[in-house]
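Derivation of every value follows stated rules applied to the coordinates shown; laboratory data play no part. The model shown is predicted, which means the values in this text are computed figures rather than measured ones. Using ideal geometry, Cβ is built from the backbone for each residue, glycine included, and neighbour counts are taken over all protein chains shown.
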Amino acid sequence: MSIEEYQNHFFPHLTQLRELLEEKLQRLVDGEGIVIHSLNGRVKTPASLEKKLARPDRNYQHLLDVTDLLAFRVITYSEDLISSVARLIESTFDVDYAKSVNKLHHEDLQKFGYRSLHYVCSLPKDIREKVPQLERHVRFEVQIRTILQHAWAEIEHDLGYKATEQLPSEFRRRFSQIASLLEVADREFDSIRADLKHYESRLNRADLAEEKVELDSLSLLSILGRDEISKLDLEISEFLNAPLTESAFYPDYLLRAIRAAGLKRIGDVLKSAGRQREFFGSFLPVYFDFSKNHWRFDKSSVSHVQRGYGLLFLAHLHILETEELFINKVNRLTQFYREIDYPDDPDSAKNAARSLVAALKASKLILE
């Protein structure tokens, strides 16, 4: 088959096939709950095919001997996810293991560079029937690698060197250093993922020493269902006459607010929640009157109450509790608002702090 025949006959049908297979691969990955960076397919252009067929180190008897006329690249976030995608490919498609190759691990430990897992697969029946114009023996390739492995491959391709032997000797050591750093980084990301999973499971243990666990995104989310926090959320829901939802209230913002209030550990938050229960109900109407006057944000602005919303008010109460003098309450709230709402506007932060303290002082419900 000539390049012209490939361009006129094969190329359009392979393009259609690429779309069908890309959709199938994406459904498979999504169906298994595997989170990947990207999945893309490409059809080899006539110019690229002509260059490949002309290579002296290749001897193709037939066009279909070229296994990457149609190829897909799956980019994962870490090496452990490569195995998850690989198992999916092996269980779904008819894999030609004689043509497939694992380039993730080099037998020569001194060798560096390109790393990827390559599968050569036959067309599945359901896809083949949708493009009957193509011969049934058309195959496709699936490459699986991490973001860092992909970065290496792209940079290597850009530089025009695909093997250490092609490099001038003065550059080999530098390439080797870069490759080793990327391999170490991939292993470290795998290790971090595993350690984070262990940390998450430890957060759910009943015997967890809560006073020692620092607040972070994971530990914060782990306590949103605790009775101490749920009672605060329920009280807000009843006060606002708004339903509770299962979604969390902007975890990043909430974490920033709690830390800005001086609460650093899980135990600190839970203890403070217990102490502030008696003040919580009287604080809510004063706060929402203040927010209506100062920010034009009133009760009607809240259509539902998300889990953890009560912690935002707890942060305010913790600041007010820890400072005895009104001037210090203003100063602490000013710093608090600067950290969470007005990082570049100290005057607005101070005005908000003054307004809230004035409203609380006038209410005579909490501070006096």
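Per-residue extension of 0.36 nm, minus the Cα-Cα distance of A185 and Q133, leaves a gain of 14.2 nm for this segment. In units of the rule-of-thumb radius 2.2 N^0.38 Å, region 211-265 shows an alpha carbon radius of gyration of 1.19. In the chain, the longest principal axis of the Cα atoms and the axis of helix 11-31 are about 40 degrees apart. DSSP beta bridges confined to region 3-187 are antiparallel in about 70 percent of cases.
Summarising the label geometry, the points placed 7 Å from Cα in the beta-carbon direction at T15 and N351 lie 5.9 nm from one another. Arranged from fewest to most other beta-carbon atoms within 10 Å of their beta carbon, T334, T92 become T92, T334. Extension gain for the segment D298 to A151, taken as residue separation times 0.36 nm less the Cα-Cα distance, is 47.9 nm to one decimal. Work out the FRET efficiency for A358 and Y60 from their Cβ-Cβ distance, taking R0 = 51 Å, and round it to the nearest 0.05. Here the calculated transfer efficiency is 0.05. May I ask for the angle, rounded to the nearest 10°, between helix 326-340 and the longest principal axis of the chain, with both axes built from Cα atoms and the value confined to 0 to 90°? Around 10 degrees separate the two axes. Counting other Cβ atoms within 10 Å as a rough exposure proxy, the listed residues R187, R42, R145 run R187, R42, R145 from fewest neighbours to most.
Annotation for K197 and N331: the two label points, set 7 Å from Cα along the Cα-Cβ direction, are 4.9 nm apart. When the chain is described by a simple charge dipole with +1 on each Lys and Arg Cβ and -1 on each Asp and Glu Cβ, the residue from L64, L181, T92 located farthest towards its positive end is L181. If you put +1 on each Lys and Arg Cβ and -1 on each Asp and Glu Cβ, how big is the dipole of region 3-187 around its Cα centre, in Debye rounded to 20? My answer is approximately 180 debye. Taking every alpha-carbon pair under 8 Å whose residues sit at least 6 apart, the chain reaches a relative contact order of 12 percent. With unit charges on the beta carbon (Lys/Arg positive, Asp/Glu negative), name the residue among L28, C121, F313 whose Cα is farthest towards the positive pole of the charge dipole of the chain. Farthest along the dipole direction, towards plus: F313. In the chain, what % of DSSP beta bridges are antiparallel (nearest 5)? Counting only bridges with both partners in the chain, antiparallel ones make up about 65 percent.
What is the sum of charges around I327, taking Lys and Arg as +1, Asp and Glu as -1, for the other residues whose C-beta is under 13 Å from the C-beta of I327? Neighbourhood net charge equals +3.
Assigning unit charges at the beta carbon (Lys, Arg +1; Asp, Glu -1) and nothing else, what dipole magnitude in debye, to the nearest 20, does the chain show about its Cα centre? Dipole magnitude for the chain comes out near 260 debye. The alpha-carbon atoms of region 233-276 define a convex hull whose volume equals 96 cubic angstrom per residue. Compared with the dominant principal axis of the Cα atoms in the chain, helix 147-159 is inclined by about 50°. Relative intensity of the chain on a log10 scale, I(q)/I(0) at q = 0.12 Å⁻¹, equals -0.92, per a Debye sum over C-alpha point scatterers of equal strength in the absence of solvent. The F279 and H37 beta-carbon pair, evaluated with R₀ = 35 Å, returns a calculated FRET efficiency of approximately 0.15. With N as its number of residues, region 211-363 has a Cα radius of gyration that, divided by 2.2 N^0.38 Å, comes to 0.98.
Contact order normalised by length for region 211-363, with contacts defined as Cα pairs under 8 Å and 6 or more residues apart; what percent is it? Reported relative contact order: 30 percent. With respect to the cross-link table entries K212/K292; K271/K350; K130/K197; K197/K231; K197/K299; K212/K361, which display a Cα-Cα separation exceeding 32 Å? Exceeds cut-off: K212/K292; K130/K197; K197/K299; K212/K361. Ordering I82, I178, I223 from the fewest to the most neighbouring beta carbons within 10 Å gives I178, I223, I82.
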